[in-house]
Amino acid sequence: MPHTTVLEPLEADQWFVDSPELREFVAITKEIISSTTHNRTQTLNALEPHFAALLKKENWLPKHFAQPNPDSSLGGGIGQWLLYRSQERSLTIFSLVIPPHAITPVHDHLSWGLVGLYQGKQEEIVYRRVDSGELEGRAQLEIVGVYQVKTGDIYRLLPPDEDIHSVEATTVFAPAVSIHVMGNDTGSIWRHQYNPEQGSVRSFRSGYSNISVKEQKESHAKIR
Ligand SMILES: [Fe+2]
């Protein structure tokens, strides 16, 4: 795989949604991250009940952040709205809004993370990579699980074996909205999109629906 993205730190933490509920959750999350540095399974275990409590709360996510995005870089009108980003870009929280029956590409995240359903239902197909990665542009995946996820449910991301998936909204009228808590700046880094039928892989950068392309390009110190 060609890219490791190196990102400049930001001038300060960025809050795109400023609510007491989110501020409290971020403070707790930072404490947990720093006390479980060497074991990300512990990070996820400690974080999950606090995240479950946040998902149960109402009215902290403004409606704008639960809307699809017609100009989506992920296709299908899928919105990826940044809610919070830490100065070091080692913690981001964003919403992913998938219109009814839309499906994400098969993709990875390259970080630990928790995803919780805030609204609606999704089908998640989890894959595992089974080739050596030596052939440029080629990747063999096998399906390791298909999961039905409903409002309030949480699932984990933990590379390398729990990192590749696609997600489809199984709602009929309203979008499925999930909240992502990620240990990297997922929308800004180069990561991977897979085509399991063709056995191919390509690099992609999803961006965020509420961050301009210009700003995203300027945020890269270098790509190596
Ligand atoms: Fe994902």
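Here the Karplus relation 6.51 cos²θ - 1.76 cosθ + 1.60, evaluated at θ = phi - 60°, turns the backbone of segment 72-83 into coupling constants of 4, 7, 8, x, x, x, 6, x, 10, 9, 6, 9 Hz, with x for every Gly and Pro. Taking label positions 7 Å along the Cα-Cβ direction at both residue 18 and residue 202, the computed distance is 4.0 nm, reported to one decimal.
Share of carbon and sulfur in the accessible area of the chain stands at 51%, probe radius 1.4 Å.
May I ask you to compute the full-extension gain from residue 101 to residue 56, defined as 0.36 nm times their residue separation minus their alpha-carbon distance, rounded to one decimal in nm?
Details: separation 45, 0.36 × 45 = 16.20 nm, distance 2.46 nm.
Difference between extended and current length: 13.7 nm.
Considering helices alone, the calculated mean residue ellipticity of the chain at 222 nm is -5500 deg cm²/dmol, with DSSP H runs of length four and up weighted by -39500 (n - 2.57) and normalised per residue.
For segment 20-34, backbone nitrogen atoms closer than 14 Å to the point 7 Å from residue 42 Cα along Cα-to-C-beta are found at 31-34. The GNM of the chain, with springs linking C-alpha atoms under 10 angstrom apart, assigns the highest mean-square fluctuation among 31, 134, 48 to 134. Partner aspartates and glutamates whose Cα lies under 13 Å from the Cα of residue 63, excluding those fewer than 8 positions away in the same chain, are not found.
Might you tell me the accessible area per residue for segment 12-219, computed with a 1.4 Å probe and given in Å²? Before the final figure, lay out the partial values.
Numbers: 9610 Å² over 208 residues.
In whole numbers, segment 12-219 has 46 Å² accessible per residue.
Computed with every protein chain present, the accessible area of residue 6 is close to 40 Å² [probe 1.4 Å].
Taking a ≥ b ≥ c as the square roots of the Cα gyration tensor eigenvalues, segment 107-224 comes out oblate, since a/c reaches at least 1.5 and a/b does not exceed b/c. Measuring between their Cα centroids, segment 91-109 and segment 140-218 lie 5 Å from each other.
Classified by the C-alpha gyration tensor, segment 8-89 has a prolate form. Its axis ratio a/c, with a ≥ b ≥ c, is 1.5 or above, and a/b is larger than b/c.
Placing pseudo-labels 7 Å out from each Cα toward the beta carbon at residue 144 and residue 10 gives an inter-label distance of 3.1 nm. Along its three principal directions, the equivalent ellipsoid of the chain from the Cα gyration tensor extends over semi-axes of 24, 21, 18 Å, largest first.
The values are calculated or read from the model by the stated rules, or taken from the named source; none is laboratory data. From a predicted model like this one, the values you see are computed outputs, not experimental measurements. Don't worry about glycine lacking a Cβ; one is built from the backbone with ideal geometry, like all the others, and counts go over all protein chains shown. In case anyone asks, the SASA skips ligands and DNA or RNA and just uses the protein heavy atoms, side chains included. Shrake-Rupley method; radii C 1.70, N 1.55, O 1.52, S 1.80 Å.
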